[in-house]
1. For segment 56-104, evaluate the Debye formula with one uniform point scatterer on each Cα (no solvent term) and list log10 I(q)/I(0) at q = 0.29 Å⁻¹, rounded to two decimals.
2. Compute for segment 25-101: radius of gyration divided by Kirkwood radius, i.e. Rg/Rh, restricted to C-alpha atoms, rounded to two decimals.
3. Quick check: pseudo-label points 7 Å beyond the Cα along Cα→Cβ at residue 29 and residue 94, how many nm apart are they?
């Protein structure tokens, strides 16, 4: 009886281990996420509206890759990409709206 219970627990633990291992990000996924973030950051730079928070998140993503923390790197890179996209959207919106703010 105890042996069967231990075997079941061992099987469940091994399945759980395989599941979590497959969910972990790889170095390639982290590098791909960083490339996307860099592309978005370059777009924001072209619009002359880079946010320092995006640059910091991108720097943190690169540091996480160097430390081998690929899950953290993907998370930081995705945050950097989102911030850079928001920065670009803000620049485009303000470009359209500034004439309404001019005092006549």
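1. -0.93
2. 1.11
3. Here the answer is 3.5 nm between the modelled labels.
Rule-based calculations on the coordinates, nothing more; no lab input. Source: prediction; values computed, not measured. Glycine gets a Cβ as well: all are built from the backbone with ideal geometry, and neighbour counts include every protein chain shown.
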